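**Student:** Attaching a single structure in C-alpha cells format; questions to follow.
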Amino acid sequence: MKQEKNIIPEILHVAMVMDGNGRWANERALARLKGHAKGADRVRHIVRASLDMKVTHLTLFAFSTENWKRSESEVIGLMGLFKKFMKSEAKKLLINGVKVRFIGNRSRLDKSIIKLMDELEFLTKENDNLNLTIALNYGGRDEIVRATKKISEKVKLGLIDIDDINIEMFSNNLDTFELPDPDLVIRTSGELRTSNFLPWQCAYSEYVFEKSNWPDFNKDIYEEILIEFKTRERRFGAILK
Ligand code: FPP
C-alpha cells in the first residue's frame, strides 16, 4: 500500500510581514520590546497553524536591512529574541517536521547568531512538513545586488557567458533559490506597503493587508484570509479562457 507521505501536497507559499509590534506595545503603555516578545509568541502560534492548515511554505520577515536604524537597545533586544527563539524552539521544530532556512545578508550579523542559524538549518534539513524561511537582515534590493555580484563574478571568471543570464538563472542566484515564489503575502497592522520584502519573488503574488497588529494575529484570521485567497483568480499576466 502506498504511504500517505508519497502524496505530494499542493504547494502553498505564504509570506508574512509581521508588522505592528511597537504599536501593540504603545497602546498598552509597554516597552516596544514587550511587543516583540509577544510577536515571537505569535510566530510559534502561526507556525503551528500553518502546519495544521497544510501550508507548505511559510516565509517570515523578522528583521530588515533597514531595521539597524532603530535604537541600539531595540536591535540588541530583537537579536536576543531571535537567539532565544532558535534555542527554545529547535526541538519542537524538528519533531514537527519543520525545515528551517534563513535568508538575508549574514555579513552584519553576530557570530553567535550565525552559529545558531547554521545549527538549526542543519538539524532540520531532512524535514518536509513545512518549509519555514526566516528573513533576517533581509532586504530585496540588497539580495538582488548580491545576486548580481555573484553572477558578475562567474562571468569575469569565464564560467558563464552574458547570454546565459536569464530569469531562471538570476532566480537561482537569489537567497530564495530553493523556494517557490510566494502565492500570498500577508502584512499585518494595516500598513499598505511592501517594504523591500521579496520584490523579485512577489511579481505575481497576491496581497492581503490585515488590520490587526502582529501580536493580535491568530489562526482564525489566518484561516479566513486563506479561504478568501482561494477564491481569487490568478492570471499571472495571461488572459483567462
Ligand atoms: C515590526 O513591528 C516587527 C519587527 C521589526 C520585528 C519582527 C520580530 C518579531 C515578530 C519577533 C520574533 C521573531 C522571530 C522570528 C522569533 P514594528 O516594530 O515595526 O511595529 P510598529 O510599526 O508598530 O512600530
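**Student:** Working only within segment 63-79, note down all residues that are open to solvent by less than 20 Å² (accessible area, probe 1.4 Å), under 22 Å from Tyr207 (Cβ atoms) and touching a helix residue (DSSP H, G or I) at 6+ places or on another chain (Cβ under 8 Å).
**Tutor:** Of everything in segment 63-79, just one residue is open to solvent by less than 20 Å² (accessible area, probe 1.4 Å), under 22 Å from Tyr207 (Cβ atoms) and touching a helix residue (DSSP H, G or I) at 6+ places or on another chain (Cβ under 8 Å), namely Phe63.
**Student:** Now a separate question. What are the pairs with Cβ atoms under 9 angstrom where one residue, in segment 27-40, is open to solvent by less than 90 Å² (accessible area, probe 1.4 Å) and the other, located anywhere, is of a type in the set (A, V, I, L, M) and in a loop (DSSP other than H, G, I, E, B)? Sequence gap at least six, or different chains.
**Tutor:** Hits for this filter: Lys38/Leu30; Gly39/Met18.
**Student:** Oh, and also: Restricting to segment 177-193, count the residues that are farther than 14 Å from Leu226 by Cα and β-branched (Val, Ile, Thr).
**Tutor:** Step one: filter segment 177-193 for residues farther than 14 Å from Leu226 by Cα, giving 177-181, 188-193.
Right, trim to β-branched (Val, Ile, Thr) and you get 188.
Count: 1.
**Student:** Would you please name the residue that is most open to solvent (accessible area, probe 1.4 Å), looking only at residues in segment 115-142 that are within 16 Å of the chain's Cα centre (by Cα) and of a type in the set (Val, Ile, Thr)?
**Tutor:** This residue is Ile134.
Quick grid of which residues meet (1) under 17 Å from the mean Cα position of the chain (by Cα); (2) open to solvent by 20 Å² or more (accessible area, probe 1.4 Å); (3) under 24 Å from Leu198 (Cα atoms):
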{"position": "Met86", "(1), (2), (3)": "yes, no, yes"}
{"position": "Asn105", "(1), (2), (3)": "yes, yes, yes"}
{"position": "Ala147", "(1), (2), (3)": "no, no, yes"}
{"position": "Ser152", "(1), (2), (3)": "no, yes, yes"}
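**Student:** Now a separate question. Out of segment 205-241, which residues are within 18 Å of Leu60 (Cα to Cα), more than 16 Å from the ligand (Cβ to nearest atom) and without any contact (Cβ under 8 Å) to a residue 40 or more places away in the chain?
**Tutor:** Across segment 205-241, the qualifying residues are Glu206, Tyr207, Val208.
The values are calculated or read from the model by the stated rules, or taken from the named source; none is laboratory data. Keep in mind the model is a prediction, meaning the values are calculated, not measured. Positions of Cβ are backbone-derived with ideal geometry, glycine not excepted, and every protein chain shown enters the neighbour counts. What goes into the accessible areas is simple: the full protein's heavy atoms, side chains included, and nothing from ligands, DNA or RNA. Shrake-Rupley method; radii C 1.70, N 1.55, O 1.52, S 1.80 Å.
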